[in-house]
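The values are calculated or read from the model by the stated rules, or taken from the named source; none is laboratory data. These numbers were taken from a predicted model, which means no experiment stands behind them. As a convention, Cβ positions derive from the backbone with ideal geometry for all residues, glycine included, and neighbour counts pool all protein chains shown. Protein only, heavy atoms only, side chains kept; ligands, DNA and RNA dropped before computing areas. Shrake-Rupley method; radii C 1.70, N 1.55, O 1.52, S 1.80 Å.
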Amino acid sequence: MSFVPCLVDTWSEENNSIILTWKQNERGLEPNQNVLKRCCSESRKLLQKIQGIPAATERLELEMTVSYNTFLFSLSFSNASEIEESLTHSLLRALEAAGSQVICSDPVQLWEAVLQTLGSSVYVPYVHKLLLIQWMLWLMQCQLERVLTLLMQTDHKRERSAPVNLQRETRNLALSMKEDSSLMVAMTAKDLKDLLHICTVICHGVEQMKMEKYSEALDIFQEAKGLPSPRSLLAQIHTLTGQSFAKLGQPHCALHFYRKAVEVDCACHSALYQSALVFRQLGNPKAEMEALHLLYSAVQLRSDKSSSSASVVSLATLLGGEQMTFISRVPSPSLILHTLAHTCVFNGSISDGVEYYLDLLASLQSDGKDLIHTGEGASFPRIPVVYLEAGFALLKAKRYSDALVVCEEVITSTLDFIPERLLLDADEKQNVADSDVVLENVDFVLWAGAAHLLQAQAHWKLKDTKEAITNFTRAINNLVKVFIKQKDWKQKHLGNTEAMVERMVTLEAAKGQALAGRGLCFLERGELKEALRDLHLSFQMTPGCKNMVDLLKFRFIHLNK
C-alpha cells in the first residue's frame, strides 16, 4: 500500500524530532525534568499511533526503536511492572509481524521465542535494544538469576567449558551494537550495555556483602574498577571496596579506598560518612570531626542545588531503591549536624560544638518541627533531648544566659504533658502499647527535670544562689512525680523493658544531682541544716559517687567547715 512508506517516514521524523529535543536538553549542565516528561509523553503518543494498526515487517524497525525510546523515557515516570507489560506487548507484536503466533505470559519463554524467531534476521540490533530494556528492568528489581538466564539465551550456541556465572556471562556477552542513522535513540545500545554491565557487577557484589562474603565482594569490585563507568559510579565502587575492607577488620585499607572515592568524586557523601565511622573506631576524634564537617558541607551544597535536573537512565533507578540505599546510605543533614555537635562537645571542642548545636536548633525551628511530637527518624534523638544537649554545651561554654533560654523551651513545651503523679509497679505485666505510654510519660518528667537542673546550674554559675535553689527545687519536684512501689525494682523487669530500667537509673541520678546541687547552694549561703539534709539525701540516691565526695571535700575546705 502506498501510504505505508509515507507513514514510516512521518513517524520516523516524529521520533527523531523527540530525540533531538532531548539531546539538546541533555547537553545542558543540568538536564531538565520537564523536558524529559514532555519527551516521554510525546514518545508514548507516537508508540500508540504505531501500535494502533496491525504489526508489519516494514514498520518493525521503527516500532522497536520507538518502543526502546519510550521505555527509556518512562523510567522516571512508571514502575517496572508497567514498563514490562508494555515490553511484552511490543515483543508479541514483533513475533506477530514475523508471522509467529505465540501466546505466552512468562517473559523467559517469550524471550526464547523472540530470539529463535528474530535472532538471526536483520532485526537483531533492534531486538537486542529491547533485550537491554528487559535486562534493565530485572536489574532494577535485583532479579540477577533472571538476568543470567536472559544473557545465556542470547548466545545459547556458545560452548561453556567453565561453570556458568553472572560475571562471566556479562563479560563475554556479544550483542549487536549497530545503530541506524535514520532512527535516533535516546541512549545508544553500547552506552546502555556498558552501564548495565557495571551496575550488574556492583549489584552482584552488594549481594555478596549482604551475605557477609566480603572477600568474594572484593574480587567482584576489583573487576568493576576495570569497566567503563561514570565518575560517580567509580567512586561508589571504591566506597564499597572500603566497606568490605572495614568489615574484614582492615580499617586503614578502608580509609585508603574512601580517600580514592572522594578524589574521583568529591560529592561522594557515603565515602565521607564511612570515613567518619572508621575514624571513630580508630579513636581519632579530630579526623572524625573533620570528615563529618566535610560531609555536612557537601550535603548542604547538594540541597542548595536545583532538584529539577534529570537523566534518561539514572544510577539510582538502575540499582533499585534497596540496593542504592545500601550503597550510598548517608544520614540526614540534621543527624549529621547532631553527630558533629555531639562529637565536638564530647571531645572538648566546646565552642565548635555549641555553634553546631545552635545551627541544628535553627534548622529544626525553620522546618517547623514540633518540639514534643515530631521526630527525625529512629536514629535521631527526640528533639527535647537535642535541646537539653545544646543547653549543656552552652553551660560548658559559659554562655549561661543562652543556656537558660534553650532550657526554657523544653520546660514550656513539656508543661502540659507532665503527669501529676506516675506510680510504677514492677510486678505488673504491661502490653507494648501501655508500656510505650508509660515510657513517654517518664520522658516528659525527665526532660522537664533535666531542663530545670541545667537552669539551676546556670544560675549558680551566675552567682545567683537563690534562683539556683528555686530551680533545683523545681527539678526535684518534677523528678519525684515518678514513684516505684518496690524497693528492689532494679532486679525486676520494670514494664518488661530495659528502656524503662535505663530511664529509672537516669531519674535516680538526676534526683541525686539536684539534691547535691541544692545542698551546695545552701552551704554557700550558710544554711547548714538544709545543706546537710540535701547532701545526706543525695548520698542515698547516688551511693559511692567518688566525684560527689571530692566535690564536697573541696567545698567544705573552701568554706573552712
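Which whole-percent values make up P(r) of the chain when all C-alpha to C-alpha distances are grouped in 20 Å steps starting at zero?
17, 36, 26, 16, 5, 0
Give me the mean projected area, in nm² to one decimal, of the convex hull enclosing the Cα positions of region 191-328.
Numbers: hull surface 32.8 nm².
Result: a mean projected hull area of 8.2 nm².
Just how large is the dipole of region 327-423 about the Cα centre, in debye to the nearest 20, putting +1 at every Lys and Arg Cβ and -1 at every Asp and Glu Cβ? Working shown, then result.
Numbers: 7 positive and 12 negative charges, 60 e Å.
Using Cβ point charges on Lys, Arg, Asp and Glu, region 327-423 gives about 280 debye.
How far apart, in nm, are the 7 Å Cα→Cβ label points at Glu263 and Asn284?
For the pair Glu263/Asn284, the computed spacing is 1.5 nm.
Glu145 to Glu212: FRET efficiency via 1/(1 + (r/R0)^6), r the Cβ-Cβ distance, R0 25 Å, to the nearest 0.05? Before the final figure, lay out each step's value.
Details: r = 20 Å, r/R0 = 0.81.
Here the calculated transfer efficiency is 0.80.
Taking Cα atoms, how many degrees apart are the long axis of helix 144-154 and the longest axis of the chain, rounded to 10 and kept between 0 and 90?
10 degrees
Pairs Lys286/Lys461; Lys466/Lys529; Lys398/Lys463: which are spaced more than 23 Å apart, C-alpha to C-alpha?
On the way: Lys286/Lys461 30 Å; Lys466/Lys529 16 Å; Lys398/Lys463 13 Å.
The answer is Lys286/Lys461.
Between Ser120 and Ser363, what is the label-point separation in nm under the 7 Å Cα-to-beta-carbon projection?
Here the modelled spin labels are 6.3 nm apart.
State the dimensionless ratio Rg/Rh of region 43-107 (Rg: radius of gyration of Cα atoms; Rh: Kirkwood radius).
Numbers: Rg = 11.7 Å, Rh = 12.2 Å.
Reported Rg/Rh (Cα atoms, Kirkwood Rh): 0.96.
Can you list the HN-Hα couplings for region 192-198, worked out from phi with the Karplus curve (6.51, -1.76, 1.60; θ = phi - 60°), rounded to whole Hz and with x for Gly and Pro?
Karplus values, whole Hz, x for Gly and Pro: 5, 4, 4, 5, 5, 4, 5.
Quickly estimate the mean residue ellipticity at 222 nm for the chain, helices only: each DSSP H run with n ≥ 4 gives -39500 (n - 2.57), and the total goes over all residues, rounded to 500. Before the final figure, lay out each step's value.
Details: 25 runs with 391 residues, N = 561.
Result for the chain, helices only: -23000 deg cm²/dmol.
Measure nothing fancy, just the Cα-based angle from helix 3-26's long axis to the longest principal axis of the chain, in degrees from 0 to 90, nearest 10.
30 degrees
Rounded, prolate or oblate, given the Cα gyration tensor of region 1-92, with a/c below 1.5 counting as rounded? Before the final figure, lay out the partial values.
Working: a/c = 2.80, a/b = 1.38, b/c = 2.02.
Because a/c hits 1.5 or more and a/b fails to exceed b/c, region 1-92 counts as oblate.
In region 7-154, carbon and sulfur make up what percent of the accessible area (probe 1.4 Å)? Can you show the working numbers first?
Details: 3050 of 6360 Å².
That share works out to 48 percent.
Quick one: which of Lys45/Lys190; Lys213/Lys260; Lys210/Lys247; Lys481/Lys511 span more than 18 angstrom between C-alpha atoms? Before the final figure, lay out each step's value.
Details: Lys45/Lys190 26 Å; Lys213/Lys260 23 Å; Lys210/Lys247 11 Å; Lys481/Lys511 11 Å.
Long pairs (Cα-Cα over 18 Å): Lys45/Lys190; Lys213/Lys260.
Can you give me the distance in nm between label points at His252 and Asn34, each placed 7 Å from the Cα along the Cα-to-Cβ direction?
5.5 nm
How would you order 40-47, 460-467, 507-514 from highest to lowest mean count of nearby Cβ atoms within 10 Å? Display every interim value, and only then the final one.
On the way: 40-47: 19.4, 460-467: 14.8, 507-514: 21.5.
Going by the mean number of other Cβ atoms within 10 Å, highest first, we get 507-514, 40-47, 460-467.
Where nothing but the Cβ of Lys and Arg (+1) and of Asp and Glu (-1) is charged, how large is the charge dipole of region 7-154 around its Cα centre, in debye to the nearest 20? List each step's numbers first, then the result.
Working: 11 positive and 16 negative charges, 61 e Å.
Using Cβ point charges on Lys, Arg, Asp and Glu, region 7-154 gives about 300 debye.
Among Gly449, Gly205, Ala261, which residue has its Cα furthest toward the positive end of the charge dipole of the chain, with +1 on Lys/Arg Cβ and -1 on Asp/Glu Cβ?
Gly449
Helix 333-346 against the longest principal axis of the chain: what's the angle in degrees, Cα atoms only, rounded to the nearest 10?
40 degrees
With +1 on the Cβ of every Lys and Arg and -1 on the Cβ of every Asp and Glu, and nothing else charged, how large is the dipole of the chain about its Cα centre, in debye rounded to the nearest 20? Each step should come with its number before you reach the end.
Numbers: 57 positive and 64 negative charges, 366 e Å.
Computed charge dipole of the chain: roughly 1760 debye.
In whole percent, how big is the carbon plus sulfur part of the accessible area of region 191-328, probe 1.4 Å, protein atoms only?
Values: 3250 of 6170 Å².
Carbon and sulfur: 53 percent of the exposed surface of region 191-328.
Order the peptides 529-540, 393-404, 198-209 from the highest to the lowest mean number of other Cβ atoms within 10 Å of their residues.
Numbers: 529-540: 16.6, 393-404: 19.0, 198-209: 22.8.
For the peptides 529-540, 393-404, 198-209, the packing ranking is 198-209, 393-404, 529-540.
Accessible area per residue for the chain in Å², computed with a 1.4 Å probe and the full protein assembly in place, what is it? Intermediate values should be presented prior to the final figure.
Details: 27440 Å² over 561 residues.
Normalised by residue count, the accessible surface of the chain is 49 Å².
Output the relative contact order of region 7-154, whole-number percent, from Cα pairs under 8 angstrom with separation of 6+ residues.
Details: 113 pairs, mean separation 30.7, N = 148.
21 percent.
Could you compute Rg(Cα) / (2.2 N^0.38 Å) for region 7-154, with N its residue count? Please report the intermediate quantities before stating the final value.
On the way: Rg = 15.4 Å, N = 148, 2.2 N^0.38 = 14.7 Å.
Dividing the Cα radius of gyration by 2.2 N^0.38 Å gives 1.05.
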